[in-house]
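These notes concern the structure reproduced below.
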Amino acid sequence: MKYICEKLQIDYPIIQGGMGNISNAQLTAAVSEAGGLGTIGCGTMTPDEVEKIILETKQRTTKNFAVNIAISVSPYTKELIELVIKHNIPVVSLSAGNPAPLIPVLHEHGITVIALVASVKHAQKAEAAGADILVAEGFEAAGINSNLELTTFTLIPQIVKHVNVPVLAAGGIGDGHGLAAALMLGASGVQIGTRLIATQEAPFHERYKQNLVEAGDTETMIIGRSVGRVRRILNTPYARTLDEREKAGMTLEQYAEWTSEKQHVKGAIEGDMENGFINSGQISGLIDHIPTVKELLDSMITEAGGQINRTAAELEAVKSKAAK
């Protein structure tokens with residue numbers, strides 16, 4: 001945990017997940033200002049669009065922030081690598097593809113590389129390729145997910161056991177209890193996404209935020225299994241339409257069209273739940289208010305510390321009683 005904070009130059013071992021085409025400078029800067037590591041997700045945006053967000057983020061904060069490049073999703077991977085080098089971005093996270101060819105280039109420019117993984121095999125390959133930090137994402141996470149469907153609780157300790165680089169936990173984490181649990185599983189920190197949507201600084205549609213606040217524990221759904229493109233979204237009118245289309249049979253091309261970034265923007269930014277979807281992790285069932293980002297991160301650290309201390313005291317009491 002201490003290493004993560006020092007390596008990334010942050011106060012708290014909490015980083016923001018990439019949010020694709022709905023990424024923005026306002027939330028990214030707010031996370032960094034609150035002590036975490038804000039992240040700009042490139043999605044399928046053009047380099048010019050990403051550059052505008054980078055420049056605005058730098059105007060909003062002087063603290064470190066990262067850029068996430070989804071390798072197989074973006075048609076501009078090469079140009080985005082050049083862009084982060086141009087703007088001296090200190091941390092880059094790589095997801096949705098093989099990071100090996102890109103890591104040496106980033107390291108040549110002193111950039112810390114985070115690789116997103118979803119299995120022990122992927123983790124070992126990323127470590128061998130030179131990744132400095134791994135984010136192990138469980139199946140509880142929002143948005144595009146691994147077809148392997150491993151949960152965070154099982155994934156984290158297995159990956160930690162088989163690699164030597166620090167591991168951050170992602171998927172199903174959005175409060176201090178989740179942070180404490182991740183640390184107990186061997187993680188050095190966490191990556192969060194859905195919980196940051198429901199914050200005051202997040203410039204997303206109020207319907208998105210309100211849906212998260214009102215969501216119960218079974219409100220997310222999985223689409224895309226039939227075409228090998230798993231995604232977790234919130235149960236909305238458009239989500240149910242997608243589910244019906246999939247049950248009736250759809251091609252990969254149709255799925256890509258119906259779950260494009262355009263449809264994501266419709267739901268998340270425009271609040272059109274009839275014609276667009278919204279990503280959501282299973283953590284949505286725990287969201288019941290909309291704090292500032294600073295209030296959220298501060299509370300996570302305080303809550304995690306309290307939970308760990310209480311648990312340690314209880315375990316000591318059990319141990320003492322058993323020894324009598």
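Observations
- Residue match in the range 126-143 (condition: free of Cβ contacts under 8 Å to residues at least 60 places away in the same chain, in contact with a Phe, Trp or Tyr (Cβ under 8 Å, 6 or more places away or on another chain) and over 23 Å from GLN9 (Cα atoms)): yes
- Of the residues LEU27, LEU106, LEU80, the single one that is surrounded by 22 or more Cβ atoms within 10 Å (Cβ to Cβ), assigned to a helix (DSSP H, G or I) and touching a Cys at 6+ places or on another chain (Cβ under 7 Å) is LEU80.
- Only one entry of VAL230, VAL213, VAL190, VAL265 meets the criterion of being under 27 Å from LEU37 (Cβ atoms), in the same structural domain as ILE40 (by TED's automatic domain parsing) and β-branched (Val, Ile, Thr), and that entry is VAL190.
- Of all the residues in the range 2-24, those that are within 13 Å of the chain's Cα centre (by Cα) and not in a helix (DSSP H, G or I) number 7.
- Checked against the criterion of being without any contact (Cβ under 8 Å) to a residue 40 or more places away in the chain and either in contact with a Gly (Cβ under 6 Å, 6 or more places away or on another chain) or surrounded by 22 or more Cβ atoms within 10 Å (Cβ to Cβ) (or both), the candidates GLY276, GLY281 yield just one match: GLY276.
- Scanning the range 176-204 for residues that are more than 14 Å from MET19 (Cβ to Cβ) and in a loop (DSSP other than H, G, I, E, B) yields LEU185, GLY186, ALA187, SER188, GLN200.
- Among the residues of the range 145-169, those that are under 21 Å from THR218 (Cβ atoms) and not in a loop (DSSP other than H, G, I, E, B) comprise THR152, PHE153, THR154.
- Restricting attention to the range 230-273, the residues being assigned to a loop (DSSP other than H, G, I, E, B), among the aliphatic types (A, V, I, L, M) and touching a residue at least 60 places away in the same chain (Cβ under 8 Å) number 3.
- Residues in the range 265-300 that are under 18 Å from the mean Cα position of the chain (by Cα) and hydrophobic (A, V, I, L, M, F, W, C): VAL265, ALA268, PHE277, ILE278, ILE283, LEU286, ILE287, VAL293, LEU296, LEU297, MET300.
- Any chance ILE173 is outside any strand (DSSP E or B), touching a residue at least 60 places away in the same chain (Cβ under 8 Å) and crowded, with 16+ Cβ neighbours inside 10 Å: yes
- Test: residue in the range 158-179 that is assigned by TED's automatic domain parsing to the domain that holds GLN16, of a type in the set (Lys, Arg) and either over 19 Å from LYS266 (Cα atoms) or modelled with pLDDT of 95 or more (or both): yes
The values are calculated or read from the model by the stated rules, or taken from the named source; none is laboratory data. Quick caveat, the model's predicted, so the values are computed rather than measured. When we count neighbours, we look across all protein chains shown, and the Cβ atoms used for this are built from the backbone with ideal geometry, even at glycine.
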